[in-house]
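Scroll down for the structure; my scribbles are underneath it.
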Amino acid sequence: MFKCQRPLVLYFHGNAETVDTYLDPEVFHPLQASKVSALVADFRGYGYSTGRPSLATIATDGERVAALAEASSSRRR
């Protein structure tokens, strides 16, 4: 596991939402005020993501987003 300067929430949104939903000030400001970082992603085949969704790819997508966050955190140190 990697360390962040502040807590990081990896969030995959629900049905009928996209990552754009989390740019809305009503959603974003409470996260910002609570001093957490948030990485919001679309599952494969939803929102801006390409590909086809499946139960197998949901787990893989989560692992890949976590790995991306870790790699990004490592570059900032």
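The values are calculated or read from the model by the stated rules, or taken from the named source; none is laboratory data. Since the structure is predicted, the reported quantities are computational estimates derived from the model, not experimental observations. A quick note on method: Cβ atoms are made from the backbone with ideal geometry, for glycine too, and the neighbour counts reach across all protein chains shown.
Going through the range 24-45 one residue at a time, which ones are in a loop (DSSP other than H, G, I, E, B) and either surrounded by 15 or more Cβ atoms within 10 Å (Cβ to Cβ) or in contact with a Phe, Trp or Tyr (Cβ under 9 Å, 6 or more places away or on another chain) (or both)?
Restricting attention to the range 24-45, the residues satisfying the condition of being in a loop (DSSP other than H, G, I, E, B) are 24, 34-36, 42-45.
Result: ASP42, PHE43, ARG44.
Given the condition modelled with pLDDT under 85 and surrounded by 15 or more Cβ atoms within 10 Å (Cβ to Cβ), answer yes or no: does some residue in the range 55-68 qualify?
So the first thing to find is which residues in the range 55-68 are modelled with pLDDT under 85, and the list is none.
Checked against the condition, which is being modelled with pLDDT under 85 and surrounded by 15 or more Cβ atoms within 10 Å (Cβ to Cβ), the range 55-68 yields no hits at all.
If you take the residues of the range 37-47 that are under 13 Å from the mean Cα position of the chain (by Cα) and in contact (Cβ under 8 Å) with a residue 24 or more places away in the chain, which of them is farthest from PHE12 (Cα to Cα)? If you could, list the steps in order and put the result at the bottom.
Restricting attention to the range 37-47, the residues satisfying the condition of being under 13 Å from the mean Cα position of the chain (by Cα) are 37-44, 47.
Among the residues that remain, those that are also in contact (Cβ under 8 Å) with a residue 24 or more places away in the chain are: 37-43, 47.
Values: SER37: 14, ALA38: 10, LEU39: 9, VAL40: 6, ALA41: 5, ASP42: 6, PHE43: 7, GLY47: 11 Å.
In this case the residue turns out to be SER37.
Only one of LEU31, LEU10 is of a type outside the set (Phe, Trp, Tyr), without any contact (Cβ under 8 Å) to a residue 24 or more places away in the chain and in contact with a strand residue (DSSP E or B) (Cβ under 6 Å, 6 or more places away or on another chain); which? Before you say what the answer is, go through the steps one by one.
Values: LEU10 fails: without any contact (Cβ under 8 Å) to a residue 24 or more places away in the chain.
None of the other options fit; the residue is LEU31.
Being on the phi < 0 side of the Ramachandran plot, part of a loop (DSSP other than H, G, I, E, B) and without any contact (Cβ under 8 Å) to a residue 24 or more places away in the chain is true for just one of ARG64, ARG52. Which residue is that? Don't jump to the end; show me each part of the working.
Working: ARG64 fails: part of a loop (DSSP other than H, G, I, E, B).
Only one candidate passes the filter, namely ARG52.
Mind listing whichever residues of the range 1-36 are within 14 Å of VAL65 (Cα to Cα) and within 14 Å of the chain's Cα centre (by Cα)? Steps first, answer last, please.
First, pick out the residues of the range 1-36 that are within 14 Å of VAL65 (Cα to Cα): 1-2, 8-13, 19.
Result: LEU8, VAL9, LEU10, TYR11, PHE12, HIS13, VAL19.
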